[in-house]
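Chemist: My structure is below; once you've seen it, I'll send some questions.
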Amino acid sequence: MAKERGAICTQSRAWPQQAQAEDQSPAPAQTGGAPTTRRTVVSRRAFLKVGSVATAALAAGGIILPPLLGSTGSSARADEIGPLSDRARANASFQLRGDLARAQHDLPLVAHPCNGDEALYADKSNSFHKCLPHDGFGRVDVHAYQSLLNALSSGDPADFEHIILGGIRHLTNPQAGLAFDLEGTDSHNFTVPPAPALASAQQAAEMVELYWASLLRDVPFTRYSTHALAQAAPAELHGLPGYAGPRNPGGQVTTQELFRGGFAGETVGPYLSQFMVLPTLFGTQPISQQFVTVMPGVDYLTDFAAYLTVQNGGSTGLALVYDPIPRCLRNGRDLSAWTHVDVLYQGYFVALLVLLGLGAPVNPGSPYAASRTQDGFGTFGGSDFAATVGEVAARALQRVWFQKWFVHRRARPEVPGAIAHLIQIGQGHHIDGTLSTDLLNSQGLARSFTTYGSYLLSQAFPEGAPTHPSYPTGHGTVAGACITVLKFFFDGSFVIPHPMVPSEDGLTLQPYVGAPLTVNGELHKLGHNVSFGHGIHAGIHYRSDTDESLKLGEAMALSILQEKAQAYNEPFTVHPTTFDGTIATIANE
């Protein structure tokens, strides 16, 4: 099938019809560069040297993110303009902004590869088209889908108003992917790998994991090691060739690794991060870390009529039933409820409050770590910490929304769940999409059918997934960005004192006794707790959505911290540890 006008998951940018003109534009005269005639296919993460690619820098055991403007001699260094006149200061500020913008402009441009499913399946089996009209088998109306592609291809706000919808619900903010930002690398110059294809072994393993998570929503995390159903889940996942989750040192998947991330420290100790457990203060306002959760045993979209209703943008008329007693988070359903209405950087702002309340030491590279006369405040202090967490969260959404809408357009997990249902009941010939037998023959799928009477993936929310594509995830990208900022400001090796674990009823906290829990390990755990709570436990995101979005958020935050480094007056060198365990260097000296 020929590539459609709006399918831009290639080396082109948002508007294919403009790509040739952009590629042939000459470089600015100040750079002395030759005209650009082709896009350089270079990963943004590789450029930052924070990816998993084996490079000389990685082999040497360190990652250096050099100041964007070069050495200490830059005329725009903040520590050189204090004595200047007002006009000289204004000129220096202008020069700094211009130099930073030029440094971003001169970065190599990236490619945007996708998995090819949109072109492979004529009925767009694995593409996102929730809220558009569908037929009785869940196949999207071809004219409606083309109206979406037309808007994404043109970028014209008027075209977005002409997208054909099938019900009362609206699409969530596709134009956010076209917003420009004046800080950090532009959203269109980040890239993530293609999402797993619909028929792939990895997609099958991710769906099997989702089915098990749906069956275990009400099982306390503290009971996983002794609960028969929780033991059956890792036993099956261990044998799936496409499973990409963590394993123990012996290569096994056990209940200790179940529904966890694979970054350093995540499989150590309790499932929940201490930053979602320990009480703290917001100024003098107590934060108990007890939350409004929902009642157990109620799942949604387990019959095909309800599934079609929400795919068409309608409402089933059902609503969540809330528990009148606030509780500490203790199971997957609680995490799902938390992420259903959270402020996206909420968990990381609370983590900041916990760190401050514990007296966690600042990053050893902070200019005030050993100052004899000063404390940080507006720079490298509490106000700077809090503002920067919120700052990168806002910018993270623009970066990931471009990937969601303009590159990958991956369907939500509820869609392959419907495909599995149609195949299993003998109606698979009505759709183009195919699935791996790793999913179709799985115990997780069979047990879900026994529980719900259909092969659909049960959802924690009555509306199912949100009305924007699955890959990558906003929660995960915000997590990666905010966690990177907290690593920049705090000592990641600090051991959390007096860790706690929620009781099975979520009403009390109990002391945890076990291996030490570090700041970085618990931050890694926090990112996956939040994004898997919104994804795997709720049934609305895949594992790969989270894993890749965390890395995207990290790369974005590093690009912003590189720029911010040039604006601080204090000389410093900070060495945060990235998700993949390598050491970054951010410095202005």
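No value in this document is a laboratory result; all are computed from the given coordinates. Please read these numbers as outputs of a predicted model, since none were measured by experiment. When we count neighbours, we look across all protein chains shown, and the Cβ atoms used for this are built from the backbone with ideal geometry, even at glycine.
Chemist: Which entry in (1) 39, 32, 20; (2) 40, 36, 24; (3) 50, 32, 18 matches semi-axes √(5λ) of the Cα gyration tensor in Å derived from the coordinates of this structure?
Modeler: (1)
Chemist: For ASP375 paired with PHE137, estimate the spin-label separation in nm (one decimal), with each label point 7 Å from Cα along the Cα-to-Cβ line.
Modeler: Distance between label points: 6.8 nm.
Chemist: What's the extension gain from ALA387 to THR172 if we count 0.36 nm per residue and subtract their Cα-Cα distance?
Modeler: Length difference between fully extended and current span is 74.8 nm.
Chemist: Next question, about the same structure. Give me the one-decimal Kirkwood hydrodynamic radius in Å for segment 522-589, with the sum taken over alpha-carbon pairs.
Modeler: Details: mean 1/r = 0.0734 Å⁻¹.
Kirkwood radius, segment 522-589: 13.6 Å.
Chemist: So between THR226 and ASP505, what do we pick up on full extension, going 0.36 nm a residue minus the alpha carbon distance?
Modeler: Value of the extension gain: 98.8 nm.
Chemist: Which entries in LYS404/LYS525; LYS124/LYS525; LYS130/LYS525 show an alpha-carbon gap greater than 27 Å?
Modeler: In this structure, LYS124/LYS525; LYS130/LYS525 lie more than 27 Å apart at Cα.
Chemist: Another question, then. Please work out the ratio of the alpha-carbon Rg of segment 237-372 to 2.2 N^0.38 Å and round it to two decimals.
Modeler: So the Cα radius of gyration is 1.41 times the expected 2.2 N^0.38 Å.
Chemist: Using each residue's phi in segment 300-309, evaluate 6.51 cos²θ - 1.76 cosθ + 1.60 at θ = phi - 60° and report the 3J(HN,Hα) Karplus result to the nearest Hz, with x for Gly and Pro.
Modeler: 10, 6, 9, 10, 5, 5, 5, 4, 5, 4
Chemist: Now for a separate question. Which of CYS131, CYS482 comes first, and how do the rest follow, when ranked by fewest Cβ neighbours within 10 Å?
Modeler: CYS131, CYS482
Chemist: Here's a follow-up. Translational diffusion coefficient, Stokes-Einstein: compute it for segment 432-589 using the Kirkwood radius over C-alpha pairs as Rh, at 37 °C and 0.692 mPa s, and state it as an integer in µm² s⁻¹.
Modeler: 176 µm²/s
Chemist: Continuing with the same structure: So what's the back-of-envelope 222 nm ellipticity for the chain, counting only DSSP H runs of four-plus at -39500 (n - 2.57) apiece and dividing by all residues, rounded to 500?
Modeler: It comes out at -11500 deg cm²/dmol, rounded to the nearest 500.
Chemist: A further question follows. Between SER493 and GLU589, what is the FRET efficiency for a Förster distance of 22 Å, r being their Cβ-Cβ separation, to the nearest 0.05?
Modeler: Efficiency computed from Cβ-Cβ geometry: 0.45.
Chemist: Go ahead and run the numbers for FRET between TYR322 and GLN346, Cβ-Cβ distance against an R0 of 25 Å, rounding to 0.05.
Modeler: Computed FRET efficiency for TYR322 and GLN346: 0.85.
Chemist: OK, next. Based on the Cβ-Cβ distance of GLN95 and GLN290, what FRET efficiency does E = 1/(1 + (r/R0)^6) give at R0 = 45 Å, to the nearest 0.05?
Modeler: In this case the efficiency is close to 0.30.
Chemist: Next question, about the same structure. Separation of segment 261-302 and segment 467-543 by C-alpha centroid, Å?
Modeler: Here the two parts' Cα centres lie 8 Å apart.
Chemist: Taking H placed 1.01 Å from N in the peptide plane, check which residues at least 5 places from ILE287 or on another chain put their amide H under 5 Å from its amide H.
Modeler: The answer is THR280, LEU281, PHE282.
Chemist: Over all alpha-carbon pairs of segment 86-211, lay out the pair-distance distribution in 5 Å bins, whole %, shortest bin first.
Modeler: 2, 8, 12, 14, 16, 15, 11, 7, 5, 4, 3, 2, 1, 0
Chemist: Mind listing P(r) for segment 378-454? All alpha-carbon pairs, 10 Å bins, whole percents.
Modeler: Taking all Cα pairs of segment 378-454, the binned fractions are 14, 28, 17, 18, 13, 8, 1 percent.
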